[in-house]
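Structure record follows, encoded as structure tokens.
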Amino acid sequence: MWSLLFRAYLYLMGWRYEGNLPAQLKKFVLVAAPHTSNFDFPLAKAAFYLMGIKVKFMAKKSLFRWPFGKIFLSWGGLPVERSAQGNLVETLRQYFDQNDELALVIAPEGTRKAVERWRSGFYHIAFGAGVPIVCGYLDYGRKVAGFGPIITDLGNYQDVLAQMRHFYATIKPKDPNGFNPNFS
């Protein structure tokens, strides 16, 4: 059912998807950028589902109430209490240890507005879990969802950001004023 629904949705919106991930890649942090619109989630969910990637994503706990709570959970949602104190990075790193396959989607901008700095949790989770970072994207200029580089050398955060800046500089967000391609 979801397959037909997601295909119809992408078709009606004029979108397509491209790219494949290596079959042996079972665990990774999937960066979702640029994130400038509420339309990003349904487009990405549809494309990744049709590409065979079962993603997990974090969202504020309040979104998991009726009427959408069960749908978000079935789609891989992980409710997060944003105001609670705790070590979310360590919890998610352990989640990687407990699962044989895990594609964890994270929007490092943390908001749909342009930011100077990305939140570094995506990096610390990947580094701590020993998994690569995959650059996922929605290019509104071409109306294409897909995957960019797979970053496996996580030894230096600034080097990782430089690779990501280079890649995302060519991706067109829905709201160009909502994305800073020179993030740090």
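We did not get these values from a lab; they are worked out from the coordinates using the rules stated. Values in this document were obtained by computation on a predicted structure and should not be read as measured data. No Cβ is skipped: glycine too gets one built from the backbone with ideal geometry, and neighbour counts run over all protein chains shown.
Side notes on the structure shown:
- Cβ-Cβ under 7 Å pairs, at least 6 apart or on other chains, segment 43-70 side more than 18 Å from Leu138 (Cβ to Cβ), far side in a helix (DSSP H, G or I): Leu63/Phe72; Phe64/Phe72; Phe64/Leu73
- Residue within segment 119-126 that is among the basic types (Lys, Arg) and touching a residue at least 12 places away in the same chain (Cβ under 8 Å) present: no
- Residues in segment 141-184 that are over 29 Å from Leu12 (Cα atoms) and among the aromatic types (Phe, Trp, Tyr) were compared, and the one that is surrounded by the most Cβ atoms within 10 Å (Cβ to Cβ) is Phe183.
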